Amino acid sequence: MSRELSPPAPPRWRNPRAEPAAVRWVLVALALAFLAFFLLLPLGVVFARGLEKGLAAYRAAVSEPYALAAVRLTLQVAALVVPANLLFGLAAAWAVTRFEFRGKNLLVTLIDAPFSVSPVIAGLLFVLLFGAQGLFGPWLMERGVRILFSLPGIALVTAFVTMPLVARQLIPLMQAQGSDEEQAALTLGATPWQMFLRVSLPKVRWGLLYGVVLCNARAMGEFGAVSVVSGHIRGKTNTLPLHVEILYNEYQFQAAFAVATLLALLGLTTLAAQALLDWQARRRGGAGPGRA
Amino acid sequence: MGARRRRGPLPGFGLSLGFTLSYLGALVLLPFAALVLRAASLTPARFWELVSAPRAVAAFQLSFGAALAAAAVNLLFGLLVAWVLERYRFPGRRLVDGLVDLPFALPTAVAGIALTALYDERGWIGAALAPLGIQVAYTRLGVAVALVFIGLPFVVRTVQPVLRDLEPALEEAAASLGAARWQTVRRVVLPELLPAAGTGVVLALARGLGEYGSVIFIAGNLPGLTEIAPLLIMIRLEEYDIAGATAIAATFLAASLLLLFAVNLLSWRQGRKAAVG
């Protein structure tokens, strides 16, 4: 990370951009105290409570059949949603950054729209489409197609909630990179797909991976929207976050926190991957992928 | 696609835009159309009755109040954290910098039960606050605390790059013209940061207004008191009151978008004033 270093002040010369040492200390202490209260303690308490009854109880909670079924469903949802949003992100970024057309700003606004919609409202939208009183509900029910309270519904709402994540990483990156290399490849006789696979994709690979990592974390951890459409059927439509909620509401606190550690580890792995990709992208020159 | 219809030298316009529009249409436009249709099927009198019920109004007030309060805290501490991370060296700085994104990566349900466990009267923080007569868990304060957690990364991450790219000459000039350090920071540096901070506040607000998972555990969820709007929508759905859920959701969504637009406008104006003044 190429960050500005505040130069150490040589004796008798005061750096005009530095504050007195006392002020520096107070500010650092304040910031760290705030972050400790809001980041470290919540993270710590998850592991402390999950392990409070020892390793055996921890292992029992995370390897119990309902927990395993929740892990499997969560992985299935991510396996459906992440590739779909990856394709969408690539297509949207290509269209938006490589061509001029009317309504482009509106399109970009629409891509961001899911960020301003409460997850619960996202769930409601799909109930209004596929529920018993929904637009397509009765028609689908006659044909025996089930969307709500099953995997397709969970995957659909999760795809909605995580839709912007890959596209938002790629659009600024591809905008900044421009298309000179692509045009050179075409001039040299590459077919469009050769150009895309061998020039365009490698150019954005770190940003792309960054978006995928983020999309995956959010897809596996989505709670509100999934809660609306899942029906909470144990062993069938319970994802990991919903399993945590059920255990917690049944006062099985240690088990709830034990399962929650799995999700906390997912979050920590995501942060580590982000840091790694950030570092990779900066090392290879050019701006690193944007954060958050 | 024939060369005749090509827009510029690159291929794939039809394919990429076609896929993008179909995906957006199916996943975003169609569901929104369903919401608008359903909301429009209610008579205005019935709609008003549903959204002006005391329980709904209280939920709106709590959701907006807590999100605004949390965004204000995050504006202040976001600026502080960004400043400390960019300007000072201290051991563990890189680690702390990486951890700032935790609220974005940690599933919200986990955040919810973790914060509740901390602020419950038997929890690490709650037990320390109880003798002082401060109760956080199961109160409105608890809702705000959860939203501070959820919104924490946004201001930090929008301000950091601006602070990093700020011309050192700007501050040096102010100092050489005799400005005290705090004057330089307040009159020269801060105005440069405000537009980015405003963007961060909008993002934090958008997230906080709709947040559900991290709030419902710590909120206590008493109707009219500690019940947020998304939870009320959830409860209406569980009662199969689709009309009630739709009316509250449509109103809440419209109000949220209006607020986000207003804050965006405000921060844009601030940015322009800073650029001119």
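The values are calculated or read from the model by the stated rules, or taken from the named source; none is laboratory data. Note that the structure is predicted; figures quoted are calculated from it, not measured. With ideal geometry, Cβ positions are generated from the backbone for all residues, glycine too; neighbour counts draw on all protein chains shown. Heads up: the accessible areas ignore ligands, DNA and RNA and are worked out on the full protein's heavy atoms, side chains in. Shrake-Rupley method; radii C 1.70, N 1.55, O 1.52, S 1.80 Å.
Points worth noting:
- Single residue of region A:76-102 satisfying the filter (more than 10 Å from chain B (Cβ to nearest Cβ) and free of Cβ contacts under 8 Å to residues at least 24 places away in the same chain) that is farthest from B:PHE261 (Cα to Cα): A:ALA79
- Of all the numbered requirements in (1) open to solvent by 10 Å² or more (accessible area, probe 1.4 Å); (2) at the interface with chain A (Cβ under 9 Å from one of its Cβ atoms); (3) over 16 Å from A:ARG218 (Cα atoms); (4) in contact (Cβ under 8 Å) with a residue 12 or more places away in the chain, B:VAL96 misses one, and that requirement is (4).
- Residue that is at pLDDT below 95 and either in contact with a strand residue (DSSP E or B) (Cβ under 8 Å, 6 or more places away or on another chain) or within 18 Å of B:LEU37 (Cβ to Cβ) (or both), where the choices are A:ALA176, A:ALA122, A:ALA132: A:ALA132
- Close contacts from region B:41-62, counting a first residue that is under 28 Å from B:LEU205 (Cβ atoms) and a second that is open to solvent by 70 Å² or more (accessible area, probe 1.4 Å) and in a helix (DSSP H, G or I), with Cβ to Cβ under 9 Å and a gap of 6+ residues or different chains, come to B:LEU62/B:ARG140.
- Test for B:ARG181: is it in the same structural domain as B:GLY210 (by TED's automatic domain parsing), open to solvent by less than 40 Å² (accessible area, probe 1.4 Å), more than 30 Å from A:PHE47 (Cβ to Cβ) and among the charged types (D, E, K, R): yes
- Residue in region B:20-30 that is under 21 Å from the mean Cα position of the chain (by Cα), on the phi < 0 side of the Ramachandran plot and assigned by TED's automatic domain parsing to the domain that holds B:PHE217 present: no
- Pair list, Cβ < 6 Å and 6+ apart or interchain, from region A:158-171 residues that are within 14 Å of A:VAL213 (Cα to Cα) to residues that are of a type in the set (Phe, Trp, Tyr) and open to solvent by less than 10 Å² (accessible area, probe 1.4 Å): A:GLN169/A:TYR210
- Residue list for region A:214-245, restricted to those being open to solvent by 30 Å² or more (accessible area, probe 1.4 Å) and more than 9 Å from chain B (Cβ to nearest Cβ): A:ASN216, A:GLY231, A:HIS232, A:ILE233, A:ARG234, A:GLY235, A:LYS236
- Filter result (in contact (Cβ under 8 Å) with a residue 60 or more places away in the chain and either at the interface with chain A (Cβ under 9 Å from one of its Cβ atoms) or within 15 Å of the chain's Cα centre (by Cα) (or both)) within region B:254-266: B:ALA255, B:LEU259, B:VAL263, B:ASN264
- Check on A:GLY123, more than 7 Å from every other protein chain (Cβ to nearest Cβ) and either closer than 17 Å to B:VAL28 by Cβ or touching a residue at least 40 places away in the same chain (Cβ under 8 Å) (or both): yes
- Only a single item in (1) touching a residue at least 60 places away in the same chain (Cβ under 8 Å); (2) in contact with a helix residue (DSSP H, G or I) (Cβ under 7 Å, 6 or more places away or on another chain); (3) more than 24 Å from A:LEU151 (Cα to Cα) is not met by A:LEU240, and it is number (3).
- Looking only at region A:156-191, and only at residues there that are within 12 Å of another protein chain (Cβ to nearest Cβ) and part of a loop (DSSP other than H, G, I, E, B), the one that is most open to solvent (accessible area, probe 1.4 Å): A:THR191
- When A:ARG234 is tested against (1) of a type in the set (Lys, Arg); (2) part of a helix (DSSP H, G or I); (3) in contact with a helix residue (DSSP H, G or I) (Cβ under 6 Å, 6 or more places away or on another chain), only condition (2) is not met.
- Taken over region B:219-245, the criterion of being touching a residue at least 40 places away in the same chain (Cβ under 8 Å), of a type in the set (Val, Ile, Thr), within 11 Å of chain A (Cβ to nearest Cβ) and within 17 Å of B:SER63 (Cα to Cα) is satisfied by B:ILE228 alone.
- For B:PRO230, the criteria (1) touching a Ser or Thr at 6+ places or on another chain (Cβ under 7 Å); (2) modelled with pLDDT under 95 hold in every case but one, which is (2).
- Listed by position, the helices (runs of 4 or more DSSP H) contained in region A:48-155 that have at least 1 residues being touching a Ser or Thr at 6+ places or on another chain (Cβ under 9 Å), crowded, with 18+ Cβ neighbours inside 10 Å and in the same structural domain as A:MET174 (by TED's automatic domain parsing) are A:54-63, A:65-98, A:104-112, A:119-130.
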